[in-house]
Amino acid sequence: MSDEKNSLELQVESEFLEEAQDIMNNLEILRENLRSNYNDEQMQQFRKNVQLLGAQAHAADFGIVSLLSHRLDDYLQRINSMGYPHGNDVRMFLDKLEAALNGSLSVTKQNASAKLVRELPTANKFEHEFGDLEQKNIEILVIVPDKAMGTIVEREIAACGYRVSFAKTSFKGFELAVRTRPDMILAAGEIDELSGIDLANAFASMPSVYGIPFALLTSRDWGHASLKGLPPSCGLIRKGKDFGDDIAECFKRFNIT
């Protein structure tokens, strides 16, 4: 039975690597086309290929390829050209993906994937508002299912010069927290099958992410019955007029500078 499983795993791996190479070839062609003639249609094709690579990598258990694809898709959401430096940045992502696929990129050492993501390029889609901000190598993981709320949170964090990564589901949030060990985790109160309070308690009891500051994004105040299960070590960021002050207070409390 064990031999059958190993044989099947090898077949899945082989098929994935073959399909992944086709996707990588498509991505390089699209990147060159976008550098010479940027258009939204081809950018959407580029992103779909990146998302397909990430989904197939996840299914084939190529975690580092899945992680790199997720970060590249995050980057692509924030740019509207393949001019300098974006074309070169995307090339760097593709080089890392190629290395992960051919086995020359290893993240087996402790915190290796966390170090890797901090070496990747980042883009700030609010750059036109904030000007030439100093970019700090501080990573905030935002776990929110709502795109509009995610944009509000990202804008506030970007104004501080911090890096932002997103997860739309609690399970993706778990994966990214363990793999990338962010400097802080910010989660919505309601996500999916698991709530932000569920995540707060889970992270507080997991040795692999223990000690990473956690803040809950909610419309409730401290003392509300719905927050009874929130660990006291967590921060609270209230939506609305208190949002900016609360997030600044959390950064100060957790020494995120």
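Quick one: dipole size for segment 2-119, taken about the Cα centre, charges +1 on Lys/Arg Cβ and -1 on Asp/Glu Cβ, in debye to the nearest 20.
Around 700 debye, computed over segment 2-119.
Which whole number in µm²/s is D for segment 2-119 by Stokes-Einstein, with the Kirkwood Rh taken over Cα pairs at 20 °C and 1.002 mPa s?
It diffuses with D of about 143 µm²/s by this estimate.
Rounded to whole Å and ordered largest first, report the semi-axes of the equivalent ellipsoid of segment 127-253 derived from its Cα gyration tensor (root of 5λ).
Over the Cα atoms of segment 127-253, the semi-axes work out to 22, 17, 14 Å.
Using a cut-off of 15 Å between alpha-carbon atoms, which aspartates and glutamates can reach LYS172, once sequence neighbours fewer than 8 places away in the same chain are excluded?
By straight Cα distance, LYS172 reaches ASP61, ASP73, ASP74, ASP146, GLU190, ASP192, GLU193, ASP198.
Given Cβ point charges of +1 (Lys, Arg) and -1 (Asp, Glu) and nothing else, what value in debye, to the nearest 20, does the dipole of the chain about its Cα centre take?
Using only the charged Cβ atoms, the result is roughly 880 debye.
Give LYS125/LYS147; LYS96/LYS147; LYS96/LYS168; LYS48/LYS136; LYS136/LYS241 a once-over and call out the pairs whose C-alpha atoms are over 18 Å from each other.
Correct reply: LYS96/LYS147; LYS96/LYS168; LYS48/LYS136; LYS136/LYS241.
So how do ASP221, ASP73, ASP183 line up by other beta-carbon neighbours within 10 Å, fewest first?
ASP221, ASP73, ASP183
Which value at 222 nm does the chain reach when only helices count, each DSSP H run of 4 or more adding -39,500 (n - 2.57), with the total divided by all residues and rounded to the nearest 500 deg cm²/dmol?
Counting only the DSSP helices, I get -18000 deg cm²/dmol.
Would you mind finding the longest exposed-site-free stretch of the chain, with exposed GluC sites (Glu not before Pro) meaning DSSP loop and at most 14 other Cβ atoms within 10 Å?
Value returned for the longest uninterrupted segment is 1-133.
Among THR180, THR122, THR151, which comes first, then next, by fewest other beta-carbon atoms within 10 Å?
With the sparsest Cβ surroundings first, the list reads THR151, THR122, THR180.
Taking the alpha-carbon distance from LYS115 and a cut-off under 13 Å, which aspartates and glutamates remain once sequence neighbours fewer than 8 residues away in the same chain are dropped?
Hits, sequence-local ones excluded: GLU139, ASP183.
What are the chymotrypsin sites (Phe, Trp or Tyr not before Pro) within segment 175-257 that DSSP puts in a loop, where the Cβ has at most 10 other Cβ atoms within 10 Å?
Of the chymotrypsin sites (Phe, Trp or Tyr not before Pro), the ones in loops of segment 175-257 whose Cβ has at most 10 other Cβ atoms within 10 Å are TYR210, TRP222.
If each residue's Cβ is checked for other Cβ atoms within 10 Å, how do THR169, THR218, THR257 rank with the fewest at the top?
THR257, THR169, THR218
Tell me, rounded to the nearest percent, the portion of alpha carbon pairs in the chain spaced more than 25 Å apart.
48
Where in the chain lies the longest segment free of trypsin sites (Lys or Arg not before Pro) that are both loop residues by DSSP (not H, G, I, E, B) and have at most 13 other Cβ atoms within 10 Å?
1-108
A short reminder: the numbers here are calculations on the coordinates, not readings from a lab. Here the structure is a predicted model, which means the values were calculated and not measured. Using ideal geometry, Cβ is built from the backbone for each residue, glycine included, and neighbour counts are taken over all protein chains shown.
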